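Here the structure is laid out as structure tokens; the discussion comes afterwards.
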Amino acid sequence: MLTVSIVVPAFNEESRLPRLLDVVGATGFQDFAKAELHLLEVIVVDDGSTDGTPRALTAASDTPWLRPVITGKPNVGKGSAVRRGVRRARGELVLLCDTDLATPLREVHKLHRALANGADIAIGSRALDPRLEREMPHYRRLAGRTFNLGMRVLTGLPFRDTQCGFKLMPTAVAQTLLRDQLVSGFAFDVEVLLRAHNAGLSIEEVPVVYVHDRETRVAMPSATAQMGRDVIRLAARLRRPKRTRPLPRERVPGARTPQDRR
């Protein structure tokens, strides 16, 4: 079985951390085993929390599979926290997920199946099958679709949902894609996928269950505005113009070659 590191960014998550740890301990290892994967570790990266998150992580640090990362630095952004966690991952694969487990860990089997079938990266999607999306307020759904439309126009990426926090890929691939990170906030997902697309990697978007957490503290107006600015910046820096010949594929550690996919 391939080993997996889960990377979880955390900002002011004192109230939700206990549930995350309880779920992983109670059913997480079985969920991964059913997907023919071995859960090696859970890396929770504190991103400058001002509540009791660092204390909670320290108190739980004797949990054998938990690897807390507490830098003591001020809040920088979700993308920066994910980068720090991925850099420390020891598993062969890395699963990115959120503290609220809005997409249950049991959905990992869908992403693993996509990798087994030849994809280099598998990303969870809330948009491909709306029947799997639950309790999402209409205004958030509308904001997400509007952002996605703008992102697709600006970057040329074809994906319906770049912002679902559930993504699986080889750790070496993740480390390479995040190495020269330009965006440290929520739009880091777009940057990862844009860099992967430019490198010729195979990315499969997979419909997954998503249960919206009504206790989310993400401020939609300010977060969406910042994400929009970041996507414009990424499009200017990373989008490649159309060419008559395909670009040479960059070799990314851990990625499959076309021969591997046959």
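The values are calculated or read from the model by the stated rules, or taken from the named source; none is laboratory data. Every value quoted in this text rests on a predicted model; they were computed, and no experiment measured them. Cβ: placed from backbone, ideal geometry, glycine included. Neighbour counts: every protein chain shown.
Cβ separations smaller than 7 Å between residues 6+ apart or across chains give the following pairs from segment 144-158 residues that are outside any helix (DSSP H, G or I) to residues that are of a type in the set (A, V, I, L, M, F, W, C) and at pLDDT 95 or above: Leu157/Met151; Leu157/Leu193; Leu157/Leu194. Within the option set Thr171, Thr162, Thr103, Thr99, being under 24 Å from Val44 (Cβ atoms), without any contact (Cβ under 8 Å) to a residue 40 or more places away in the chain and polar (S, T, N, Q) holds for one residue only, Thr162.
State whether one or more residues within segment 200-209 are under 10 Å from Val252 (Cβ atoms) and either without any contact (Cβ under 8 Å) to a residue 40 or more places away in the chain or surrounded by fewer than 19 Cβ atoms within 10 Å (Cβ to Cβ) (or both). So far as segment 200-209 goes, yes, one or more of its residues are under 10 Å from Val252 (Cβ atoms) and either without any contact (Cβ under 8 Å) to a residue 40 or more places away in the chain or surrounded by fewer than 19 Cβ atoms within 10 Å (Cβ to Cβ) (or both). Among the criteria (1) touching a His at 6+ places or on another chain (Cβ under 9 Å); (2) more than 26 Å from Arg229 (Cβ to Cβ), the one Arg113 does not fulfil is (1). Among the residues of segment 33-45, write down those that are part of a strand (DSSP E or B) and either surrounded by fewer than 15 Cβ atoms within 10 Å (Cβ to Cβ) or out of contact with any His (no Cβ under 9 Å at 6 or more places or on another chain) (or both). Result: His38, Leu39, Leu40, Glu41, Val42, Ile43, Val44, Val45.
Do the conditions hold for Leu21, that is, is it within 19 Å of the chain's Cα centre (by Cα), in a helix (DSSP H, G or I) and aliphatic (A, V, I, L, M)? Considered against the rule, which asks whether it is within 19 Å of the chain's Cα centre (by Cα), in a helix (DSSP H, G or I) and aliphatic (A, V, I, L, M), Leu21 comes out as yes. Selection of first residues in segment 9-23 that are over 18 Å from Ser61 (Cβ atoms) and of second residues that are of a type in the set (Lys, Arg) and buried (at least 19 other Cβ atoms within 10 Å of the Cβ), restricted to Cβ pairs under 8 Å at least 6 apart or on distinct chains, gives the following pairs, ordered by first then second residue: Phe11/Lys78. Hey, among the residues in segment 111-163 that are surrounded by fewer than 20 Cβ atoms within 10 Å (Cβ to Cβ) and among the basic types (Lys, Arg), which one's modelled with the lowest pLDDT? This residue is Arg140. The set of residues in segment 42-78 that are out of contact with any strand residue (DSSP E or B) (no Cβ under 6 Å at 6 or more places or on another chain) and in contact (Cβ under 8 Å) with a residue 60 or more places away in the chain comprises Asn75, Val76, Gly77.
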